[in-house]
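Below is one structure, written out as structure tokens, with a few remarks after it.
The values are calculated or read from the model by the stated rules, or taken from the named source; none is laboratory data. Note that the structure is predicted; figures quoted are calculated from it, not measured. Every residue, glycine as well, gets a Cβ built from its backbone with ideal geometry; the counts of neighbours run over all protein chains shown. Areas reflect the complete protein model, heavy atoms only, side chains present, ligands, DNA and RNA absent. Shrake-Rupley method; radii C 1.70, N 1.55, O 1.52, S 1.80 Å.
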Amino acid sequence: MSVNDIKSGIYAGLVKSASLFVNAMKDKVRQNNLPDAINNAISVDTPQEATEGMYIDITINTSEEGAPMAAAFEWGSGIHSERGEKELYPIKAKNISQPLHFFWGNRGKWFKGVQLPYGHPGVAPRPYIQPSIESTADEITQILATEFKASILLGESRIEVIK
């Protein structure tokens, strides 16, 4: 049997597994009412071979053009953060020549200044990556095992037991 048959079986398993995982993650993003930008920022690369095995990259583009808020929804941010410091985010005017100016409903008065005396508390976590990992782990294991077995048996004749 050719090594390429085994590789192609593993590649097929990786592609199927990645598709299953990404679909589960996108469903979780929708269920949690998270920004569509997160789903639009998800991409899947082609399977790769490395010295330690084969893998497939699933990426969430967290740049300004992608979904910069993606990590905040997975792990929380500000005082709700499950990673790093728990602190308020300062709210400052970006342009010093034009200070912040708005009616502050919580205080019942107008605010005008360069920086609010209180910061933004951030967002509570609404995870979508970890739950997707947990909900698809068994099925992904099954997909990879099935594709690997099928690739080994590809083109092989039946095993004959000699007594």
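Conditions (1) in contact (Cβ under 8 Å) with a residue 60 or more places away in the chain; (2) within 30 Å of MET25 (Cβ to Cβ), marked per residue:
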| residue | (1), (2) |
| --- | --- |
| LEU100 | no, no |
| GLY105 | no, no |
| LYS112 | no, no |
| PRO117 | no, no |
| VAL123 | no, yes |
| ILE129 | yes, yes |
| SER132 | yes, yes |
Seminar exercise, completed: Scanning region 101-124 for residues that are among the aromatic types (Phe, Trp, Tyr) and in contact with a His (Cβ under 9 Å, 6 or more places away or on another chain), the one least open to solvent (accessible area, probe 1.4 Å) turns out to be PHE111
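Taking region 63-93, which residues are in contact with a His (Cβ under 7 Å, 6 or more places away or on another chain) and open to solvent by less than 80 Å² (accessible area, probe 1.4 Å)? Break it down stepwise before answering.
Initial filter on region 63-93 (in contact with a His (Cβ under 7 Å, 6 or more places away or on another chain)): 78, 88-89, 91.
Hits for region 63-93 are GLY78, ILE91.
Kindly check whether there is at least one residue in region 99-115 that is assigned to a helix (DSSP H, G or I) and in contact with a Pro (Cβ under 6 Å, 6 or more places away or on another chain).
First, the residues of region 99-115 that are assigned to a helix (DSSP H, G or I): none.
No, region 99-115 contains no residue that is assigned to a helix (DSSP H, G or I) and in contact with a Pro (Cβ under 6 Å, 6 or more places away or on another chain).
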Exercise. Restricting the search to region 1-46, which residues are within 16 Å of ALA137 (Cα to Cα), of a type in the set (A, V, I, L, M) and either open to solvent by 30 Å² or more (accessible area, probe 1.4 Å) or in contact (Cβ under 8 Å) with a residue 60 or more places away in the chain (or both)?
Worked result: LEU14, VAL15, LEU20, ALA24, MET25
Seminar exercise, completed: In region 19-67, residues that are within 28 Å of ILE6 (Cβ to Cβ) and not aromatic (Phe, Trp, Tyr) total 21
Exercise. What tally of residues in region 36-54 results from selecting those that are polar (S, T, N, Q) and in a loop (DSSP other than H, G, I, E, B)?
Worked result: 2
Exercise. Scanning for something of a type in the set (Val, Ile, Thr) and open to solvent by less than 60 Å² (accessible area, probe 1.4 Å), does region 125-132 turn up at least one residue?
Worked result: yes
Seminar exercise, completed: Residue pairs qualifying under the 7 Å Cβ cut-off, at least six apart or on distinct chains, with the first in region 69-96 being assigned to a helix (DSSP H, G or I) and the second being basic (Lys, Arg), are PHE73/ARG126; TRP75/ARG83; ILE79/LYS86
For this session: Would you check if GLU139 is in a loop (DSSP other than H, G, I, E, B), open to solvent by 50 Å² or more (accessible area, probe 1.4 Å) and touching a helix residue (DSSP H, G or I) at 6+ places or on another chain (Cβ under 8 Å)?
Result: no
Problem set entry | Residues located in region 47-59, provided they are touching a residue at least 40 places away in the same chain (Cβ under 8 Å) and closer than 16 Å to VAL22 by Cβ | TYR55, ILE56, ILE58
Exercise. Can we say SER97 is within 30 Å of ASN33 (Cα to Cα) and of a type outside the set (Phe, Trp, Tyr)?
Worked result: no
